[in-house]
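The values are calculated or read from the model by the stated rules, or taken from the named source; none is laboratory data. What you see is a predicted model, and the numbers here were worked out from it, not measured in a lab. Backbone-built Cβ (ideal geometry, glycine too); neighbour counts: all protein chains shown. These area figures cover heavy atoms from the full protein model, side chains too; ligands, DNA and RNA do not enter into them. Shrake-Rupley method; radii C 1.70, N 1.55, O 1.52, S 1.80 Å.
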Amino acid sequence: MPAKDDTIQRSSQGLTVITTHVNADFDAFASMLAAQKLYPGALAIFPGSQEKNLRDFFVKSMVYLYNIVKIKDIDLNAISRLVLVDTRQASRIGKLADIVNRPGLEIHIYDHHPPMPDDLSGSVEITRMTGATVTILTKILRDKKIPITAEEATIMALGLYEDTGSFTFSSTTEDDYLAASYLLSNGANLNVVSDIITREMTPEQVSLLNDMIEGVTHHTVNGVDVAVTTVSCDTYIGDFAFLVHKLKDMQNLDVIFALASMENRVYMVARSRLPEVDAGEITMAFGGGGHPSAASATIRGQTVIQVEEKLFAVLNQLINPKRSARDLASTPAIHVEPDVTLKEANELLTRYNVNVLAVLESDNLLGIISRQVIEKGLHHKLEHVPVREYMTTEIDTVSPDAPLSEIQEKIIGNKQRLLPVVEKGRVAGVITRTDLLNVLVSEPARIPEFVVNSKDRRPHVRERNVTKFLTERLPKEIIELLRAVGKVADSLKFNAYAVGGFVRDIFLYQENLDIDVVIEGNGIEFARALTVSLDGRVRAHEKFGTAVVILPDGRKIDVATARLEYYKSPGALPTVETGSIKLDLYRRDFTINTLAIKLNPRGFGTLIDFFGAQKDLKQKVIRVLHNLSFVEDPTRVFRAVRFEQRFGFKIGKLASALIENAVRMDFFRELSGRRLFSELRLILEEDKPVMALRRLNEYKLLKVIHPKIVYNSAMEALLHSVDKVLTWYHLLFLEEPCKQWMVYLLALMKSFDQDVARALCDRLELTQQYRKILINEKTKAEDRLGWMASQRNLKNSELYRKLRSFHPETLLYIMASATHKPVKRAVSNYITRLRSIKTLLSGIDLKEMGFEPGPVYREILTSILDARLNGEVKTRVEEVEFVRKSWEVVD
């Protein structure tokens, strides 16, 4: 039994709980086990997931003998003492973070990680810089002479060997060797340790490691070579850290950052052999942590692209020499006194070209006030009100020695536009968001690195030349056309790129010769020059910087100036500004549409992949570029479904969750009817739209089109019937075209009365031509359908009169809706035969036969047509005889 002191006594007020960080590794688990020896009767809780091999080991070992419980089985209010091992950060202990600030809670900490600004404080803190936390706890057990079994020693040795890399990591200390010696003397089985640490890889892990190897890119960041690799898979594959360690050893990498998008999270594992790169500090920026040599983080709610972009910004920041608030601060602080009016403050903002002012009184900080607040006040005619009435008083400050990580947390984490630097109670200077961003991107820019002009920076673009592949996939004349585009761009000193679906479909082996070109430069100037070169003509759209070049043979090339788009509100049309190829690609809907091929003679055929499009095409997954994608443009939701079904892809889990969020938040309410109709029409014009409609229903997107649309088994059967009818119609090769989308839309509207149908047409802003079919003809068609089903021995002439006013789309809707085969046959007979039947006699013939012109002509010709339809007459002679028998000439 352990000695009784404050450290190891069991709480008399409630539960003692031992926990560690999420994604617990063997050191975390071993430390929890060791802590249970110090806190008899304590419960051990994993706050989140563990590595898969840890779970396997869990089953194989003696773990069931210890008090390990699930967090859902614990009343958090009953916990009076929380023991943290291998972490001291609230952000890494899951739901247990909810209680760390509760009054009266004891917190005991055992950790070997370097201190961080957001570390928790405990009434007991035992922290040392060792290779593993279990080293610290082993020494305590040894000093207190608390016995351990051979099984316990083996588990603890496993944690020690894993976290020190079998004593090869630079973080290994003398204490780690001493701990290993003690554990071996207590029966630790190194055969078990070796078997688990040198475990065989599964086929899934081998495939993932291969993807990691293929995806490694090298970047020089402030003189340091940094290797980065990214992988994506929809299912979770365990032991990612183990695979990263293998990759590091295989390629002898000094610094490696590996990102894996699995399920709905991005896992980051970092390894560093260099003192210039502190892996633990870098992963802290992502909510993770660890040692300078080994660290990890789990990121939720972001795509791997976003995480990778942020990683490069963080690397540029943290591999630089340390900077403090004193280095960043602007002095003296531009400020106003609290009784200055909003009008006067606004003039000061304009004079100094700043966006935020500090509010000082005798050098003492009272608050800050932003341009946005001032302008709103002026809009509401409050120009004479003093700034003290509207200044923000709840603000953070820093000391002159505050590190960059603290500055970043307070400005970005707390969304504070201006950070005062306070020394001895007085404002010594201020740091703005621009000041911070300039440091993060290591150059004076107002936007993060991932939207810096591609001509100046390409920190982690994936490039390869695909000219040979292009010649295999594209006709010779298209290759020549692309080269001509590049030569014209070169003559203007512009960069030209083939982009969009044209490039995507080359790699999907889909036929698509609709060429889209993006120009880094003036797209309209380029289009006019290309028109002269190719003897074509051009249609330009100055507002959007776009043009269409029409070649002599009728082919078209869409040209756009590389641009950046932003949205003033959800569903609004974008505001367009000039940008670079990377900016242009970043504004696109999905990663699979972000490939570009350079067309300039120097570098022709170079495939540029900023956002992992090749990987997503290979994995057949639809991913967004950033989390606000569907907020900015809700129509992308419909495109996601369309591409998923067209290509047989799968919408990624994060994208799927974002679609559900867009529906839940109703971002579609501001979407214009024309844009909504355009996306719906494109879906209904796909080869097989039924599966896409089913997916729209799963996401509740059909209700966005109209809440009265009901998708059930009967509706799906009708839609499949439409599919069969349309296939049949297309095989007839008739001259009269049919709007496929309209037949499907009529089917979706089957249960609508005229008022609901009219409301849908209003929502979609449909033309009068379409309204006539969807409202009036649909109602008549359903009446005719009921009438036809009730008839027996229906004459062709009667059928003809009932159906002749309908458009082909309505006729096919009737045919698809019919549940009786005789009705289907009747409509088929009308479309294929009856509809084209005409009389051979005309009004001229009737006049020659002696009939006086007048209404009688219509009666006679109608009766002749009825006779032809019913098979009573077939030739011209028979028509003449029919008239003479049925009608008398009036003299």
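Summary of computed values
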item: Structure-derived mean projected area of the Cα convex hull in nm²: which label, when the choices are (1) 52.8; (2) 49.6; (3) 44.4; result: (1)
item: Carbon/sulfur fraction of accessible area - the chain, other protein chains in place, 1.4 Å, %; result: 50 percent
item: Whichever aspartates and glutamates have a C-alpha closer than 16 Å to that of Lys145, once near sequence neighbours (fewer than 8 apart) are set aside; result: Asp5
item: Efficiency of FRET from Cβ geometry, Glu125 and Leu76, R₀ 22 Å, rounded to 0.05; result: 0.50
item: Tilt relative to the chain, helix 240-251 - C-alpha long axis, 0 to 90 degrees, to 10; result: 80 degrees
item: Pair Ala657, Asn355: separation of 7 Å Cα→Cβ label points (nm); result: 2.9 nm
item: Percent RCO, i.e. relative contact order, over the chain, from Cα pairs under 8 Å lying at least 6 residues apart; result: 6 percent
item: Stretchable slack from Asn712 to Arg102, in nm (0.36 nm times residue separation minus alpha-carbon distance); result: 214.5 nm
item: Exposed chymotrypsin sites (Phe, Trp or Tyr not before Pro) absent - longest run of the chain, DSSP non-H/G/I/E/B, at most 11 other C-beta within 10 Å; result: 1-508
item: Förster-model FRET efficiency, 60 Å R0, Glu685 and Glu888, C-beta, rounded to 0.05; result: 0.60
item: Asp514-Tyr236 pseudo-label distance in nm [points 7 Å out on the Cα-to-Cβ vector]; result: 4.2 nm
item: Loop-located GluC sites (Glu not before Pro) in the stretch 195-274, at most 11 other Cβ atoms within 10 Å (DSSP); result: Glu200
item: Asp553-Asn252 FRET efficiency (beta carbon distance; Förster radius 51 Å; 0.05 resolution); result: 0.35
item: Distance in nm between pseudo-label sites at Ile479 and Leu731 (7 Å out along the Cβ direction from Cα); result: 3.9 nm
item: Alpha-carbon centroid distance for the pair the stretch 169-237 / the stretch 709-731, whole angstrom; result: 54 Å
item: Entries in Lys750/Lys772; Lys618/Lys724; Lys556/Lys724; Lys246/Lys310 that, when Cα-Cα distance is taken, lie over 27 Å; result: Lys618/Lys724; Lys556/Lys724
item: Amide N proximity, the stretch 82-121 versus Arg142 label position 7 Å along Cα-to-Cβ, cut-off under 18 Å; result: 111-112
item: The stretch 767-856: relative contact order in percent, alpha carbon pairs under 8 Å with at least 6 residues between; result: 27 percent
item: Aspartates and glutamates with Cα under 20 Å of Lys381, excluding same-chain neighbours fewer than 8 positions away; result: Asp339, Glu344, Glu347, Glu389
item: Within the stretch 705-811, GluC sites (Glu not before Pro) in DSSP loop having at most 14 other beta-carbon neighbours inside 10 Å; result: Glu735, Glu765
item: Sum of side-chain charges, Lys618 neighbourhood, beta-carbon under 11 Å (Lys, Arg +1; Asp, Glu -1); result: -1
item: Angle between the chain longest axis and helix 26-38 axis [Cα atoms, degrees, rounded to 10]; result: 50 degrees
item: Positive minus negative residues near Leu701 (Lys, Arg vs Asp, Glu; Cβ under 13 Å); result: +3
item: Helix-only mean residue ellipticity at 222 nm for the chain, each DSSP H run of n ≥ 4 adding -39500 (n - 2.57), per residue, nearest 500; result: -12500 deg cm²/dmol
item: Contact order relative to length of the stretch 741-891, as percent, for alpha carbon pairs under 8 angstrom and 6 or more apart; result: 21 percent
item: Spatially proximal lysines relative to Lys885 (Cα-Cα < 30 Å; intrachain offsets below 8 disregarded); result: Lys795, Lys802, Lys838, Lys847, Lys874
item: Computed Rg/Rh of the stretch 698-820, alpha carbon atoms with Kirkwood Rh; result: 0.97
item: Computed lengthening from Lys381 to Asp401, 0.36 nm per intervening residue step minus Cα-Cα distance; result: 3.0 nm
item: Accessible surface, per residue, of the chain when the full set of protein chains is kept, probe 1.4 Å, Å²; result: 46 Å²
